[in-house]
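Take a look at the structure set out below.
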Amino acid sequence: MSKEFLNKIRQFRHKIERRTTEVYRKSCADVSYRIADKTPVSKGTLLGSWSPSTPSRSRYNFEGGPSAWKKGIKDESIASANRARAMNDLGPRIEAVTASLIKENPYYFTNSVSYARQAEYEGWNKTGPYYMVLRSKQEWYAIVNRFAKEVGARG
Amino acid sequence: MANYTEINGLLNERLAELSNLPMWGRENQYIEPESDDLYLRTQLVSAEAENPFLGANVPTYESGTFVVSVYLVDGRSWGYGYEWVDKIVEQFKRGTTLTNSSEDITVRIRKAYPVAGFYGDNGRYIIPIHIEYFSYVDI
């Protein structure tokens, strides 16, 4: 085999690996933001405590702001401010971890707040369940397809 | 044509075929279980519909998860709760086909499995079961 042919094969392999990694990173970042978007916020503790990590699980404790619930009524302006504060903390962590992902390693997006499962499957009296992880997981194949097409379209 | 009534109906009917079912709260149904009652709650969590194939008249791919949560009795052995988990997973085992011929719709079960249990706000230990389904629905 000629050296030129082997070089082309090598370049092709590198290109595929680079693109696969890019799709993996973008998909993991996107699904993390989708879970975050669906996470309910009062203080923002649950939202800010999502922990993106690789190659092993990690914990992150975020201290939220004042409760948005006052006498059974939710103050959306407080919730909105708490959401923004939590996302200011979480967003850069998602970006940093997903930017360093390699396709051989798993990506974790975990939450160790005690009522995380309550929010996912039960919710509370006035809310019902949020299914933030389940609903985002159902969107996974569409997310990967979208980024694969986007990255592949560059030619 | 929306088909969520038929899909939810078929999944609910399949669960209802089990004998001696415990108390069961369907969506938007209020129940008052006693403290020594094991009970179930169900909810349809449908995914976004997709049209994966080319063409204007191709079927729509509908998928989603039918969530059955088993609420155990406080202090009673885990085994009693998992008996119901096993019965429900078996009832919806992979490859199960649910058909409503009058509506021309078939729902297929992709897989059914319990996820990790947890204590809910009301003190009950809850084991959710994910039942993943899909269906091709005419436009």
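The values are calculated or read from the model by the stated rules, or taken from the named source; none is laboratory data. Bear in mind that the values here come from a model prediction, so they are computed numbers and not experimental data. All Cβ positions, even for glycine, are placed from backbone atoms using ideal geometry, and neighbour counts span all protein chains on display. The accessibility values were calculated without ligands, DNA or RNA, using every heavy atom of the protein model including side chains. Shrake-Rupley method; radii C 1.70, N 1.55, O 1.52, S 1.80 Å.
At q = 0.13 Å⁻¹, work out log10 I(q)/I(0) for chain A with the Debye formula, treating every Cα as an identical point scatterer and leaving solvent out; two decimals please.
-0.67
Work out how much length A:W124 to A:A142 would gain on full extension: take 0.36 nm times their residue separation and subtract the Cα-Cα distance, in nm to one decimal.
This chain segment gains 3.5 nm when fully extended.
In square nanometres and to one decimal, what's the mean projected area of the convex hull around the Cα atoms of the stretch B:4-94?
7.5
Given the options B:Y61, B:P33, B:L72, identify the residue whose Cα lies farthest towards the positive end of the charge dipole of the stretch B:32-75 (+1 on Cβ of Lys, Arg; -1 on Cβ of Asp, Glu).
Towards the positive end, the residue furthest out is B:Y61.
May I ask you to find the residues of the stretch A:94-133 that are shielded by at least 40 Å² of accessible area once the whole protein assembly is considered instead of their isolated chain (probe 1.4 Å)?
A:R117, A:Q118, A:Y121, A:E122, A:Y131
Distance in nm between label sites at B:Y30 and A:R154, each 7 Å beyond Cα in the beta-carbon direction?
5.7
Return the value, in Å² to the nearest 100, of accessible area buried between chains B and A (probe 1.4 Å, both sides summed).
Details: alone 8240 and 9810 Å², together 16770 Å².
Counting protein atoms only, the buried area is about 1300 Å².
Who wins for biggest fluctuation among A:I73, A:I94, A:I35 in a Gaussian network model of chain A, springs between alpha carbons below 10 Å?
A:I73
Note down the nm distance, to one decimal, between modelled labels 7 Å out along Cα→Cβ at A:S100 and at B:K111.
3.0
Treating only the Cα positions of the protein assembly as shown as identical point scatterers, give the base-10 log of I(q)/I(0) from the Debye formula at each q in 0.11 Å⁻¹.
Listed by q, the Debye log ratios stand at -0.82.
Counting only residues 5 or more places away or on other chains, whose amide H sits under 5 Å from the amide H of B:V45 once H atoms are built in the peptide plane?
Here the answer is B:T65, B:F66, B:V67, since their amide H atoms fall under 5 Å of that of B:V45.
Roughly how tilted is helix B:4-16, in degrees to the nearest 10 and between 0 and 90, from the longest Cα axis of chain B?
Taking the Cα atoms of chain B, the angle to B:4-16 is about 40 degrees.
Taking H as built 1.01 Å from N, whose amide H comes closer than 5 Å to the amide H of B:G25, not counting residues under 5 places away?
Amide H neighbours of B:G25: B:L40, B:R41, B:T42.
Taking Cα atoms, how many degrees apart are the long axis of helix B:78-91 and the longest axis of chain B, rounded to 10 and kept between 0 and 90?
Approximately 20 degrees, to the nearest ten.
If amide hydrogens are placed 1.01 Å from N in the peptide plane, which non-local residues have theirs closer than 5 Å to the one on A:G64?
Amide H to amide H, under 5 Å and 5 or more residues apart or across chains, A:G64 pairs with A:T45.
Run the accessible area of the stretch A:1-102 with a 1.4 Å probe and give the carbon-and-sulfur part as a rounded percent. Don't skip to the answer; put the middle values down first.
Working: 3410 of 6080 Å².
After summing per-atom areas, the C and S share lands at 56 percent.
Over the alpha-carbon set of the stretch B:35-139, work out the extent along each principal axis and list the three values in angstrom, largest first.
56, 25, 21
Would you kindly calculate the mean projected area, averaged across all directions, of the convex hull enclosing the Cα atoms of the stretch B:28-79, in square nanometres?
Here the figure is 5.9 nm², rounded to one decimal.
Can you list the residues of the stretch B:18-55 whose accessible area drops by at least 10 Å² going from the chain on its own to the full set of protein chains, with a 1.4 Å probe?
Residues meeting the cut-off: B:Q43, B:V45, B:A47, B:E48, B:E50.
From zero up to wherever the largest Cα-Cα distance of the stretch A:56-143 sits, split into 5 Å bins and tell me the percent of pairs in each.
3, 10, 14, 22, 25, 14, 8, 4, 1, 0
Keeping every protein chain present and rolling a 1.4 Å probe, give me the accessible area per residue for the protein assembly as shown in Å².
57
Tally Lys and Arg at +1 and Asp and Glu at -1 over the other residues with C-beta under 9 Å from the C-beta of B:Y133: what net charge comes out?
0
With N denoting the number of residues in the stretch A:1-67, provide Rg(C-alpha) divided by 2.2 N^0.38 Å, to two decimal places.
Dividing the Cα radius of gyration by 2.2 N^0.38 Å gives 1.87.
Over the stretch A:73-155, what is the relative contact order in whole percent, taking alpha-carbon pairs under 8 Å and six or more residues apart?
Computed over the stretch A:73-155, the figure is 11 percent.
Please work out the FRET efficiency for the pair A:E17 and B:Y136, using the Cβ-Cβ distance as r and a Förster radius of 25 Å; give the result to the nearest 0.05.
Details: r = 35 Å, r/R0 = 1.41.
That gives a FRET efficiency of 0.10.
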